[in-house]
Amino acid sequence: MNTRNLLIALIAALAALLVWLAFFWEPVGPRPVARVQSHAPLQLATAPTGGDFALQGGQGPVRLADYRGKAVLLYFGYTYCPDVCPTSLSLLAQALSGFSADELARIQPIFISVDPERDTPARLAEYGPFFHPSIIGVTGSPEEVARVAAQYGASYARQPANADGQYAVDHSSATYVIDPRGILVDTLPHGTPPARIIEAVRPLLAAPATPPR
Ligand code: NI
């Protein structure tokens, strides 16, 4: 591991710690951290086909069609996830750090919450940037989220709540790679290393962001 990779790993670890502090650590009251329940990564429900969608972000509606000309990286999860989502988003953030500023301007990572009951657009607006400033978080009604998940073959299942009313949501953990035309071109499994994410995205950035006049 060279110095740069070590630095990236340290930054990712620090980011994960900050996320934990911001979203899970509650200094007031007798609420142990153990109330944040782990979950099982599920298999994909169906073969993903992709397609457009419209959901709500912290700054208003977010449509996949808004990002024509950019490569989009799509991930389904929830902010109370203690392990699977932070791991995926840390790997994604490390990959994003490997792109140039010009490349980053043509990449849009989107985190879709499958837990709209707890993940408000405002909470999601804070969550993504803890990992990388370019990650936006969106959600919608349970029906809207279910529809988008079905398009991409993502699966999720809410688990029974514990005595504190807290619950885990099992979910699949793939990252979907969508090209600048809005077409799903790759599905990266959970734990895909940053270098492999970069390999999947970089070729999509070769075309000009906007058609020549
Ligand atoms: Ni998760």
> Which of these, 144, 199, 126, has the largest mean-square fluctuation under a Gaussian network model of the chain (Cα springs below 10 Å)?
Replying inline: 199
> Put 136, 110, 183 in order of accessible area, largest first, 1.4 Å probe: what do you get?
Replying inline: 183, 136, 110
> Among residues other than residue 119 whose Cβ falls under 14 Å from its Cβ, what is the net charge (Lys/Arg +1, Asp/Glu -1)?
Replying inline: -1
>> Which one, 53, 76, 111, has the greatest fluctuation when you compute a Gaussian network model over the chain with C-alpha springs under 10 angstrom?
In response: 53
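Rounding to the nearest 20 debye, state how big the charge dipole of the chain is about its Cα centre with +1 on each Lys and Arg Cβ and -1 on each Asp and Glu Cβ.
About 400 debye.
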> Is it possible to state the helix-based mean residue ellipticity at 222 nm for the chain, with each DSSP H run of 4+ residues giving -39500 (n - 2.57), the sum divided by total residues, to the nearest 500 deg cm²/dmol? What is it?
Replying inline: -10000 deg cm²/dmol
> Rank 52, 119, 170, 83 by accessible area, highest first, at a 1.4 Å probe radius?
Replying inline: 52, 83, 170, 119
> Mind checking the dipole of the stretch 106-208: about its Cα centre, +1 per Lys or Arg Cβ, -1 per Asp or Glu Cβ, Debye to the nearest 20?
Replying inline: 340 debye
>> Quick check for you: which residues of the stretch 178-207 have the amide N under 19 Å from the point 7 Å beyond the Cα of residue 103 toward its beta carbon?
In response: 178-181, 185-189, 192-207
>> Probe radius 1.4 Å, ligands and nucleic acids left out: which of 6, 205 has the largest accessible area, and how do the rest follow?
In response: 6, 205
>> Using a Debye calculation, one point per C-alpha and no hydration shell, please list log10 I(q)/I(0) for the chain at q = 0.07, 0.18, 0.19 Å⁻¹ in order.
In response: -0.20, -1.37, -1.52
> Which percent, nearest 5, of DSSP beta bridges in the chain are antiparallel?
Replying inline: 60 percent
>> Can you give the FRET efficiency to the nearest 0.05 for residue 59 and residue 6, using r as the Cβ-Cβ distance and R₀ = 35 Å?
In response: 0.50
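The values are calculated or read from the model by the stated rules, or taken from the named source; none is laboratory data. Worth saying up front: this structure is predicted, and the values here are computed from it rather than measured. When we count neighbours, we look across all protein chains shown, and the Cβ atoms used for this are built from the backbone with ideal geometry, even at glycine. Keep in mind that these areas ignore ligands, DNA and RNA; they rest on the heavy atoms of the full protein, side chains included. Shrake-Rupley method; radii C 1.70, N 1.55, O 1.52, S 1.80 Å.
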